[in-house]
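The values are calculated or read from the model by the stated rules, or taken from the named source; none is laboratory data. Please read these numbers as outputs of a predicted model, since none were measured by experiment. Cβ coordinates were reconstructed from backbone atoms using ideal geometry, including for glycine residues, and neighbour counts include every protein chain displayed. Accessible surface is based on the protein model in full, side chains and every heavy atom, while ligands, DNA and RNA are left aside. Shrake-Rupley method; radii C 1.70, N 1.55, O 1.52, S 1.80 Å.
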Amino acid sequence: MIRIEDLDFSYGRDGFRLTVPKLEVAAGEKVAWIGPSGSGKTTLLNLTAGIVSPDHGRIVVSGEELSALGDARRRDFRVRRIGMVFQEFELLDYLDVLDNILLPYRINDSLTLGPEVIERARALAEGVEIGDKLHRDVQKLSRGEQQRVALCRAVLTGPDVILADEPTGNLDPSNKERVLDILFRYADEHEATLVMVTHDRDLLPRFERVLDFDELCTPAPAPAQEARA
Ligand code: ADP
Ligand code: MG
């Protein structure tokens with residue numbers, strides 16, 4: 001579950017400001033977030049993941065009040081309980097497919113990389129049909145395959161919340177459906193909560209609920225818009 005109350009966040013004094021009076025996503029719910037480019041979708045995902053902290057307000061994820069945790073505990077919580085799928089995959093070119101999937105265990109001291117984790121990574125790769133490419137360079141994969149590596153990495157720790165940032169962007173229609181199939185299957189099997197930011201209106205009917213950022217956020221008085229979204 002996700003519960004956000006009275007959230008106020010800005011990138012510095014004159015930067016983009018996001019205010020969210022109230023937002024709830026129930027445990028196990030599958031929600032799409034839509035909104036124009038630059039409306040703060042990625043920012044809200046990063047706040048929900050605890051990557052950035054609000055200036056005011058409460059963010060509760062899976063019963064844990066993220067906004068009350070210190071940096072180290074928030075990071076630990078994110079690594080274990082939240083699966084992030086980044087807009088541009090964020091795969092590491094110098095690691096092969098398997099090591100990219102195992103990355104959370106390689107970079108976090110609080111997770112122990114044992115044989116059972118490697119077995120789980122193999123099984124996940126097998127399940128999304130990249131099991132024969134474990135030792136391939138990630139740059140040599142198609143975009144659809146790269147996205148599946150990112151999905152495997154996001155779910156390796158068995159998170160109860162998946163936050164996916166436009167995971168179907170730049171994929172062909174069959175790969176888009178496939179990404180959704182994978183996310184939905186994981187969410188169903190683990191009773192996980194799924195939030196997916198998307199521009200693909202074709203995909204919206206599959207979600208239980210669509211949250212439109214135009215209605216969700218009360219826009220602040222427009223500061224000078226400079227950066228690209
Ligand atoms: P969306 O994902 O809906 O396209 P973002 O959350 O990425 O929107 O961005 C919302 C606004 O915040 C944009 O105007 C963007 O330029 C600005 N922004 C995003 N990240 C930063 C940052 N790290 N520092 C300053 N401004 C940022
Ligand atoms: Mg974005």
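Taken as a whole, the structure places Val20 among residues that are of a type in the set (Val, Ile, Thr), farther than 20 Å from Pro167 by Cβ and either touching a helix residue (DSSP H, G or I) at 6+ places or on another chain (Cβ under 7 Å) or assigned to a helix (DSSP H, G or I) (or both). Considered as a group, the residues in the stretch 156-175 that are over 29 Å from Gly114 (Cβ atoms) and in a loop (DSSP other than H, G, I, E, B) include one that is farthest from ligand 2 (Cβ to nearest atom), and that residue is Asp172.
Just to be sure before I move on: is Leu98 open to solvent by less than 30 Å² (accessible area, probe 1.4 Å), touching a His at 6+ places or on another chain (Cβ under 9 Å) and not in a strand (DSSP E or B) in the structure I sent? Steps first, please.
Details: open to solvent by less than 30 Å² (accessible area, probe 1.4 Å): yes; touching a His at 6+ places or on another chain (Cβ under 9 Å): yes; not in a strand (DSSP E or B): yes.
Yes.
Determine whether Leu134 is out of contact with any helix residue (DSSP H, G or I) (no Cβ under 8 Å at 6 or more places or on another chain), open to solvent by less than 40 Å² (accessible area, probe 1.4 Å) and at negative phi. So Leu134 fails the test.
Scan the stretch 1-12 and tell me whether some residue there is crowded, with 21+ Cβ neighbours inside 10 Å and within 16 Å of ligand 2 (Cβ to nearest atom). Within the stretch 1-12, one or more residues are crowded, with 21+ Cβ neighbours inside 10 Å and within 16 Å of ligand 2 (Cβ to nearest atom). Say whether the condition of being closer than 22 Å to Phe207 by Cβ, surrounded by 15 or more Cβ atoms within 10 Å (Cβ to Cβ) and away from ligand 1 (no atom under 12 Å from the Cβ) is met by at least one residue in the stretch 32-44. Yes: the stretch 32-44 contains one or more residues that are closer than 22 Å to Phe207 by Cβ, surrounded by 15 or more Cβ atoms within 10 Å (Cβ to Cβ) and away from ligand 1 (no atom under 12 Å from the Cβ).
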